[in-house]
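The next block holds one structure in the form of structure tokens; read it before the comments.
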Amino acid sequence: MKEVIRCEPPAPWLGGKSRLADRIVDLIEGIDHDLYLEPFTGMGGVFFRRRRSVKCEVINDFNGEVANLFRQLRRHHNVVLEEARFLLGSREEFERFKAQRPDLMTEIERAVRFLYLQHQAFGGKPSGQNFGVDRERGSRFSIEKIEINIERIRKRLSSVIIENLDFIEVIDRYDGGRALVYLDPPYYGGEGDYGKSLFSRSRFVDLAARLSRLAGTFILSINDVPAIREIFSDFAMLEVQTKYTIQGGEAKNVGELLISNSEGALVGAQKTLI
Ligand SMILES: C[S@@+](CC[C@H](N)C(=O)[O-])C[C@H]1O[C@@H](n2cnc3c(N)ncnc32)[C@H](O)[C@@H]1O
């Protein structure tokens, strides 16, 4: 493993793994692997917080705006920052961007639009967005606040493979003996949170079936509900307590499960998680 630059995610994201991230990173870095794959990367709450990693890393999300943002930050981060520099943190700007169709924009314009909307939207929601106001912080979008991190992200992504596939397809492509797959799918009960066409409840069963014939090792984090315990009952499970906050709201205690095809990995996790 080699040292990598630790960054913050480029933008807020609903379900972003900020609270559990460091503990999951410790767990992942303790597992021997030669390829790292995240099929549900979102804004990379775990991926960007790694301190050491392997040469071959693959990040994937079926949301095309996510993959485009990462590609543009890697190739043209200066142009993205320049385009975003003079944007106002105003409701009018927010509504103007929201009304635009990304398919009619250039890739750089799409990345700027996405970055701006994610910073301004309440709770980092990617769909059904509302203009978010935080009395303690003022405007949510400030280039000064994100510039240094974006430069770090550019370097961090320089040799990372960025995919935009359905999770089954990306697992099929990269699974192998020493692959480590970290999965953070939508919560059970929140399947439509990232857009109705991306995920549905029946896909948890597809995921469990695909994971049961995985050649590599996987770690899955998900909310602790009876249906999930039943669907993934063939695997080892560890209960963890974490807090869940939607920006500005009060933090709620919630139970999450870490699920794996390697009991040993979770035994190691117990030491770091409790
Ligand atoms: C819980 S979020 C991941 C959050 C991420 N760990 C973070 O810290 O930002 C789940 C992600 O799965 C993606 N997703 C939903 N359906 C998918 C599918 N069929 N294949 C791949 N990704 C999908 C969503 O776009 C979303 O980014």
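The values are calculated or read from the model by the stated rules, or taken from the named source; none is laboratory data. Keep in mind the model is a prediction, meaning the values are calculated, not measured. With ideal geometry, Cβ positions are generated from the backbone for all residues, glycine too; neighbour counts draw on all protein chains shown. Heavy atoms of the whole protein, side chains included, go into the accessibility calculation; ligands, DNA and RNA do not. Shrake-Rupley method; radii C 1.70, N 1.55, O 1.52, S 1.80 Å.
A few comments on the model shown:
- Assigned charges on the beta-carbon of Lys, Arg, Asp, Glu; the stretch 68-155 dipole about Cα centre (debye): 300
- Modelled FRET efficiency - R0 45 Å, Glu3 with Arg91, Cβ distances, 0.05 increments: 0.60
- Annotation for Asp103 and Glu263: the two label points, set 7 Å from Cα along the Cα-Cβ direction, are 5.0 nm apart.
- Charge dipole (the chain, unit charges on Cβ, about Cα centre) - positive-most of Phe97, Leu258, Val58: Phe97
- Here the Karplus relation 6.51 cos²θ - 1.76 cosθ + 1.60, evaluated at θ = phi - 60°, turns the backbone of the stretch 220-227 into coupling constants of 10, 10, 7, 5, 8, 10, x, 4 Hz, with x for every Gly and Pro.
- Highest-MSF residue in the chain out of Leu87, Leu104, Leu238 [GNM, Cα springs under 10 Å]: Leu104
- Using alpha carbons only: equivalent-ellipsoid semi-axes of the chain, gyration tensor based, whole Å: 31, 21, 18
- Under a Gaussian network description of the chain, with springs only between Cα atoms under 10 Å, the residue in Val170, Val133, Val25 that fluctuates furthest is Val133.
- Share, in percent, of DSSP beta bridges within the chain that are antiparallel, nearest 5: 55
- Close amide H contacts of Leu183 (hydrogens built in the peptide plane, cut-off under 5 Å, sequence separation of 5 or more or a different chain): Ile219, Leu220, Ser221.
- Whole-percent carbon and sulfur share, accessible surface of the stretch 68-155, 1.4 Å: 49
- Among Ser212, Ser139, Ser262, the sequence by solvent-accessible area, most first, with a 1.4 Å probe is Ser212, Ser139, Ser262.
- Computed from phi, the 3J(HN,Hα) profile of the stretch 52-59 under the Karplus parametrisation 6.51, -1.76, 1.60 (θ = phi - 60°) reads 9, 7, 9, 5, 9, 10, 10, 10 Hz, with x in place of Gly and Pro.
- A simple spin-label model places pseudo-atoms 7 Å from Cα toward Cβ; at Arg178 and Lys155 they are separated by 2.7 nm.
- Shape class of the stretch 68-155 from the Cα gyration tensor (axes a ≥ b ≥ c, square roots of the eigenvalues): oblate, since a/c reaches 1.5 or more and a/b does not exceed b/c.
- Result for the chain in a Gaussian network model with C-alpha springs under 10 Å: among Arg50, Arg74, Arg135, the largest mean-square fluctuation is at Arg135.
- Amide H to amide H, with H built 1.01 Å from N, Cys56 comes under 5 Å of Tyr36, counting only residues 5 or more places away or on other chains.
- Computed over the Cα atoms of the stretch 1-41, pair by distinct pair, the Kirkwood hydrodynamic radius stands at 12.1 angstrom.
- Beta-bridge orientation, the stretch 122-254: approximately 50 percent antiparallel, per DSSP, counting only bridges with both partners inside.
- With all protein chains modelled, accessible area of Arg152 [1.4 Å, Å²]: 100
- Taking θ as phi - 60° and the Karplus parameters 6.51, -1.76 and 1.60, the scalar couplings of the stretch 96-110 work out to 4, 5, 4, 6, 6, 9, x, 5, 9, 10, 6, 5, 5, 4, 4 Hz in sequence order, x denoting glycine and proline.
- Modelled FRET efficiency - R0 41 Å, Ser127 with Asp26, Cβ distances, 0.05 increments: 0.80
- In the full protein context, the chain carries 47 Å² of accessible surface per residue, based on a 1.4 Å probe and ignoring ligands, DNA and RNA.
- Exposure ranking of Lys196, Lys2 by accessible area [1.4 Å probe, largest first]: Lys196, Lys2
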